[in-house]
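Structure, as structure tokens:
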Amino acid sequence: MINDAALVAQLQDKRTLDRAFRTLMTQYKERLYWHIRKIVITHEDADDVLQNTFIKVYRNINSFKGNSKLYSWMYRIATNESISLINKRAKTQQLESEDLQQQIITNLQSDVYFEGDEIQLKLQRAIAQLPQKQQLVFNMKYFDHMKYHDISEILETSVGGLKANYHHAVKKIERILTSN
Amino acid sequence: MTNKELRHSAPKLASIQKFGTGFALPIAYFNTIEESFFNQLFLEDLSKEPGYTIPGNYFKTIEKKLAPKLQIEKEKIATNNVPEGYFERLEDLVFERLNNEKKPKVFSLKKHWIAVAVAASLLLFIGIYNPFTQNKDLKITEIEAWIDAGYLGLNSYEIAAVYETEIDDLEIDNQINTEDLEIYLTDEFYESIFYD
């Protein structure tokens, strides 16, 4: 696997951009997809957001200064694109984004790309009830086992704040799962 | 929060962690992402780029190139409505005409000396004899009567000489019909009977 510094150098050179970008996509497409999917829930939206994310990365690669890790930068773009899609759709449907998320979860039962059982559906419904920041932290920690330090770089939040967010999220979800 | 802590503080959540999200994907989805991406990139560029190029300094020189054509169009528009600068010169044109109209017409005394002589003698006579002092409303009929009485002192030839037109050149308006003539003569006849 090519290291980030070498890859960035190739990405910022027009002659090697396209080839290097294919490499970048191959390395990060699955991780980014699942990160996006957990926010927007449906495959179709995840696919749209993933492509938009890569296009933004492609268009703005020259503005990447290397102050953060490349994947942190891409995760940040992916996160913003995902939240932006949810908010835009909520606005279009004149709903609060929390209500829209509940509606998406309800539709998940008939989604061909959802293979979860009752408890997994209940888990998704519980996550959707969390504040947006807690949702992000919970998904990255509980499902992706990401380190707080990396999450901190992506969400630009202190590690202490993230730990608190995760703790509150866990408690709340456990309560929902164990309730009738 | 470690796994151990999770099991301790949220045993239900910890027990289902291994099942994941339950989300699925279309078969071989990740194999097509790169191609899909480059296709979308191509389409985006296609919709932004018109596909043809322009000379490098085209937009910098367009005003200069267009200026003469715009001037011609401007002149055409001016011709279709009013001449160029018409409204700027309008006041001068109007005052020029007004000044011309104010200038008195020159009356040639040499050319009309006889008429002048007639008028002068008439005025002199009026000044001396002043026959109209009792009646300020001088009427045409009274002047005619005064001339008929022979006070003017000009014969027919002298009067005729005032006019440059020869007698032979005069066109007589012969529009009197026979009926009118008969009525006139009859009236003249009866008048002569009554007054003579």
Restricting attention to the stretch A:102-125, and to residues there that are among the polar types (S, T, N, Q) and within 12 Å of residue B:23 (Cβ to Cβ), which single residue is modelled with the highest pLDDT? A:124
Meets criteria (assigned to a helix (DSSP H, G or I), within 14 Å of chain B (Cβ to nearest Cβ) and in contact with a Lys or Arg (Cβ under 7 Å, 6 or more places away or on another chain)) for residue A:105: yes
Given the criteria within 30 Å of residue A:117 (Cβ to Cβ) and either more than 9 Å from chain A (Cβ to nearest Cβ) or at pLDDT below 80 (or both), does residue B:4 qualify? yes
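Matching residues to (1) over 17 Å from residue B:40 (Cα atoms); (2) within 11 Å of chain B (Cβ to nearest Cβ):
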{"position": "A:7", "(1), (2)": "yes, no"}
{"position": "A:10", "(1), (2)": "yes, no"}
{"position": "A:16", "(1), (2)": "yes, no"}
{"position": "A:30", "(1), (2)": "yes, yes"}
{"position": "A:34", "(1), (2)": "yes, yes"}
{"position": "A:37", "(1), (2)": "yes, yes"}
{"position": "A:59", "(1), (2)": "no, yes"}
{"position": "A:62", "(1), (2)": "yes, no"}
Among A:16, A:42, A:26, which is the only one that is closer than 30 Å to residue A:103 by Cβ, out of contact with any strand residue (DSSP E or B) (no Cβ under 8 Å at 6 or more places or on another chain) and among the polar types (S, T, N, Q)? A:42
Going through the stretch A:162-174 one residue at a time, which ones are facing chain B (nearest Cβ under 10 Å) and either free of Cβ contacts under 8 Å to residues at least 12 places away in the same chain or under 16 Å from residue A:71 (Cβ atoms) (or both)? A:167, A:171, A:174
Only one of A:26, A:42 that is surrounded by fewer than 17 Cβ atoms within 10 Å (Cβ to Cβ), under 13 Å from the mean Cα position of the chain (by Cα) and within 10 Å of chain B (Cβ to nearest Cβ): A:42
Which one of the conditions (1) at pLDDT 95 or above; (2) under 21 Å from residue A:48 (Cβ atoms); (3) surrounded by 15 or more Cβ atoms within 10 Å (Cβ to Cβ); (4) not small (Gly, Ala, Ser) does residue A:151 fail to meet, given that it meets all the rest? (2)
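Okay, residues lined up against (1) modelled with pLDDT under 90; (2) under 27 Å from residue B:45 (Cβ atoms):
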{"site": "A:9", "(1), (2)": "no, yes"}
{"site": "A:21", "(1), (2)": "no, yes"}
{"site": "A:30", "(1), (2)": "no, yes"}
{"site": "A:65", "(1), (2)": "yes, yes"}
{"site": "A:68", "(1), (2)": "yes, no"}
{"site": "A:86", "(1), (2)": "no, no"}
{"site": "A:95", "(1), (2)": "yes, no"}
Looking at residue A:110, is it surrounded by 15 or more Cβ atoms within 10 Å (Cβ to Cβ) and hydroxyl-bearing (Ser, Thr, Tyr)? no
Considering only residues of the stretch A:146-161 that are part of a loop (DSSP other than H, G, I, E, B) and without any contact (Cβ under 8 Å) to a residue 12 or more places away in the chain, which is nearest to the chain's Cα centre (by Cα)? A:146
Which numbered condition trips up residue A:177, out of (1) away from chain B (no Cβ under 12 Å); (2) farther than 24 Å from residue A:31 by Cα? (1)
Residues that are closer than 22 Å to residue A:51 by Cα and charged (D, E, K, R), drawn from the stretch A:92-135: A:111
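The values are calculated or read from the model by the stated rules, or taken from the named source; none is laboratory data. Since the structure is predicted, the reported quantities are computational estimates derived from the model, not experimental observations. Glycine gets a Cβ as well: all are built from the backbone with ideal geometry, and neighbour counts include every protein chain shown.
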